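Everything on this sheet refers to the single structure shown next.
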Amino acid sequence: MTLTFEERLTRLADTDLNIERIRSIEKAFGSDNKKTLAIPGRALVGEGVLIKECRKKPKPRYFFLFNDILVYATIVINKKKYIAQHIIPLKDVQIKSINDSENPKLKNGWLIMSPKKTFNVYATTSKEKFEWMTHISNCIEKISNNERKGYDQIKNLDIAPKWIPDKEADTCMLCKSVKFTMVNRRHHCRYCGHVICGDCSKNKFLIQSQSDEPLRVCNKCFETLSSDQRIKIDNNFTSTDSSDESDAENEQFNHNSNDVKLNFIIQDLNFK
């Protein structure tokens, strides 16, 4: 009898192998482990290296796909040490395939969108891209059926903007007059993702879907957000970092290393 994806997840979560794998991941994070990963019912679906488009340049990141969360981190020693852990609940995630860029190193990509983080990732081959997107979609659909009123509800989530890479902006994208130098630094608006100068981003605003603290926003977005807030107050309504640069990372890590292989546990195990 062929098991459904959800049945395979349930069986996988109860195996000793799954528990051992998750505990080894926690050990690799050490003090950088933000939350307990080993909880009842959680299954490690797959893991592997993807190229993540970061603020300054694309960098390799190690991704762990669980049945309810997506975790990624900076690689220090592969399989042994990771830092800068990021956890994204799959119930908030949307994914979308993107076209290949002219850069040969940035192919087989897709967009990962959520209220806290939005960014592009790239796989080594089209086959890896297909497997990643298929398994992520299956996990999202399973969560959608169990924890949300409907899968389409995800379309109404506040999605964090994808940050414009530094190299794509030589001048402020708002005033269009200030040129970026060692003195005039680049800043990113947390609401629109544009690269702006200091004078065009002196304000902060509480974007509750991204942080509990006020975040830097450009002057244009500040006016929009402040206006929207005033409208909500007037009508008696109550309202209920897309970058992970790390100076400590090992830049010599080779994305094409033979030691790093895409591994989807759920399709490797034979359940009877």
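Results, tabulated for the structure shown:
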item: Accessible area of Thr118 in the full protein assembly, 1.4 Å probe (Å², nearest 10); result: 10 Å²
item: Convex hull of Cα atoms in the range 1-63, direction-averaged projection (nm²); result: 5.9 nm²
item: Geometric extent, Cα atoms of the range 1-126 - Rg, Dmax (angstrom); result: 15.4, 50
item: Computed E for Asn99/Phe5 - FRET, C-beta separation, R0 41 angstrom, nearest 0.05; result: 0.90
item: Residue pairs, from the table Lys116/Lys142; Lys105/Lys162; Lys35/Lys107, whose Cα atoms sit over 23 Å apart; result: Lys35/Lys107
item: Cα→Cβ-extended label distance, 7 Å offset, between Lys167 and Ser24, nm; result: 3.5 nm
item: Distant-in-sequence amide H partners of Cys175 (H built 1.01 Å from N, under 5 Å); result: Cys197
item: For Arg190, solvent-accessible area (1.4 Å; no DNA, RNA or ligand), Å²; result: 60 Å²
item: Difference of contour (0.36 nm per residue) and Cα-Cα distance, Ser177 to Lys127; result: 13.6 nm
item: Apportionment of accessible area to carbon and sulfur, the range 10-106, percent (1.4 Å); result: 50 percent
item: Ranking by accessible area, most exposed first, for Lys91, Lys52, Lys179 with a 1.4 Å probe; result: Lys179, Lys91, Lys52
item: Accessible-area value, Glu47, 1.4 Å probe, nucleic acids and ligands omitted, Å²; result: 10 Å²
item: Whole-number accessible area per residue in Å² for the range 171-226, which is evaluated in the context of all protein chains at 1.4 Å; result: 59 Å²
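The values are calculated or read from the model by the stated rules, or taken from the named source; none is laboratory data. Computed from a prediction, not measured in an experiment: that's the story for all the values here. Note: ideal-geometry Cβ built from the backbone for every residue, glycine included; neighbour counts use all protein chains shown. Please note that ligands, DNA and RNA were not included when accessible areas were found on the heavy atoms of the full protein model with its side chains. Shrake-Rupley method; radii C 1.70, N 1.55, O 1.52, S 1.80 Å.
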